[in-house]
Amino acid sequence: MEEAKPLETCEFGDRITSDITVRLINSDRRPEWFYCHSFILKRKSKFFADRLSAFSSNHPSLDAPLCIEIQCSVSDYDHHAKLLRLLYLPNDSVVDSCDSVKSALGVLQVAISLCCEEIAQSCIQYLEAMPWDEKEEEEILKIAPHLGPEAMHILARLHPVNQTAAKNVIISAIRFATSLDESFPPFTDELKTSAQEQIEYMLSEDEDAPLVMADTDVKAATKTGLFQMFSAFETALNRLPSGFVESPEATEQKVLQSLLDIEWMCSILPKLDMMKDFVMKWVDMSNNVLAVVQDEKLESGIWVVKAKLMSVVGKVLEAVGYGNVILPAPTRVKFLKIWLPYIRKIKPLLDLKGAEDESFMYKMDSDLCQSIEGAVISLVLALPSNDQAEILTDWMNTEQLKYPDLSEAFEVWCYRTKSAKRRLVVGFDGVGNPTVSL
């Protein structure tokens, strides 16, 4: 039996003590010789052990130095060369010799192909612990599944999360995103914004299913957060007239932040089938909201709040006008009568401010204007005909007919009214005629 030699007594590339040569040949047919030691290769690699064993069996009396050829691609050439050097290191030093994710992944592929189990495990350990950038992650996802079961540990950070863990994360995120803690601004604000963005992402339906389904616990946490946000908004709003005199910027910013939080809620509540909770609360507080923002002390200020208010109102109008939230007709009439006069008033005011001052940034953009106008028309046309008539009469009696333009609703109302009268006449004329009915 061959006597085991300590690794320290041999150095990689030592031509004097070498008894075997490894010849790497790449696709350009450019060979390079590496002077190695057979006892190290056999101890560290099953591939070399099998090759040397087969050679000894076929040539028992041959004492000349051996040469083993290995074909490799140009891109893998450096990884093969590095693996040969790693064979000479103690096992606990291999991980420390890894210097990049790309290099470790390349050496891992070679180690698995040459059956170097200890080096492969060291590369896996390194790759498991290191952070990856996006490009590295894509490369690992492409390569690791083809390296066998032992390499699948690398992908542990990318494994699907069980539903309980995912739900616990999103509930915690919802609580944070809807919290009113201001202990460490702006750090808290940044984390809160990040939590809101990720919640929206996790609940979104794209080509994949949502990460978290809307169950009772998720809805309960969201509902609690929603009413906390509304409470904070009402508190900040009620302080606005007095606070604006003492500290206008801080008071306005407080209300704006609450509106931004509420607007964010509008983006996730439809995904949870909870938009009705939002709409009902908004309808209930609408009179108070308008009473504050139309206070004479605020007539020439809080433009950013007034503009953002239109964005939130637009989302509510869309939800009700297009039937995503079902409300009784009296509630829809009430909501429209509350907000339609203000919409007519604020739009030209914001446009005027923008015309007077080019730096004024709080105009209603065209998308928002079209969205509100379309939702109002849809909402009007779904009301009882007498309520439609009242709203259209009020619209045509106003001095400002430009926005929102209800001409389409007026045309449909005229057609329906005439058609309804025609049906009524036909109904009377057809009494006793079983082929004619109302």
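The values are calculated or read from the model by the stated rules, or taken from the named source; none is laboratory data. If you're wondering where the values come from, they're calculated on a predicted model, not measured in any experiment. A quick note on method: Cβ atoms are made from the backbone with ideal geometry, for glycine too, and the neighbour counts reach across all protein chains shown. These accessible areas exclude ligands, DNA and RNA; they are computed on the full protein's heavy atoms, side chains included. Shrake-Rupley method; radii C 1.70, N 1.55, O 1.52, S 1.80 Å.
Taking every DSSP bridge with both residues inside the chain, close to 50 percent are antiparallel. Computed in the context of the full set of protein chains, the accessible area of the chain at 1.4 Å probe radius has 53% of its extent on carbon or sulfur.
Placing dummy labels 7 Å off each Cα toward the beta-carbon, the span from Asp217 to Glu358 is 5.7 nm.
Taking the C-alpha atoms only, the angle from helix 248-268 to the longest principal axis of the chain is near 70 degrees.
For Lys223, a cut-off of 15 angstrom between C-alpha atoms picks up these aspartates and glutamates, skipping any fewer than 8 places away in its own chain: Asp215, Asp261, Glu263, Asp273, Asp277. Evaluated with a Cβ-only charge set (Lys, Arg +1; Asp, Glu -1), the chain carries a dipole of roughly 1600 debye about its Cα centre, given to the nearest 20.
Subtracting the Cα-Cα distance of Lys345 and Cys67 from their residue separation scaled by 0.36 nm leaves 91.0 nm.
Charge dipole of the stretch 195-318 (Cα centre as origin; +1 on each Lys and Arg Cβ, -1 on each Asp and Glu Cβ, all else neutral): 460 debye, rounded to the nearest 20. If R0 equals 30 Å, the separation of the Cβ atoms of Lys297 and Ser366 corresponds to a calculated FRET efficiency of about 0.45.
Think of the chain as having a plus end and a minus end, set by charges on the Cβ of Lys, Arg, Asp and Glu; of Ser419, Ala319, Ser57, Ser419 sits farthest toward the positive end of this dipole. Within the straight-line cut-off of under 13 Å between alpha carbons, the aspartates and glutamates reachable from Lys44 are Glu117, Glu118, sequence neighbours fewer than 8 places apart in one chain being disregarded. Here each label is just a point 7 Å from Cα along the line to Cβ, and for Glu139 and Ser103 those points are 1.2 nm apart. Taking all protein chains into account, the per residue accessible area for the chain stands at 56 Å² (1.4 Å probe). Note on Ser75 and Gln253: with the Förster distance fixed at 51 Å, the Cβ-Cβ geometry gives a FRET efficiency of about 0.40. Within the listed set Pro328, Pro348, Pro241, the Gaussian network model of the chain (springs between alpha-carbon atoms below 10 Å) gives the highest mean-square fluctuation for Pro328.
Once the Cβ-Cβ distance of Leu260 and Cys115 is raised to the sixth power relative to R0 = 45 Å, the FRET efficiency obtained is 0.15. With θ taken as phi - 60° and the Karplus curve 6.51 cos²θ - 1.76 cosθ + 1.60 applied, the whole-hertz 3J(HN,Hα) list for the stretch 44-53 is 9, 9, 5, 4, 5, 4, 5, 5, 5, 5 Hz, x standing for glycine and proline. Would you mind checking the pairs Lys219/Lys281; Lys276/Lys418; Lys192/Lys353; Lys167/Lys308 and listing those with alpha carbons more than 25 angstrom apart? Result: Lys276/Lys418; Lys192/Lys353; Lys167/Lys308 exceed 25 Å. Given a cut-off of under 8 Å on Cα pairs at least six residues apart, what relative contact order in percent is computed for the chain? Taking the mean separation of contacting Cα pairs over the length of the chain, I get 8 percent.
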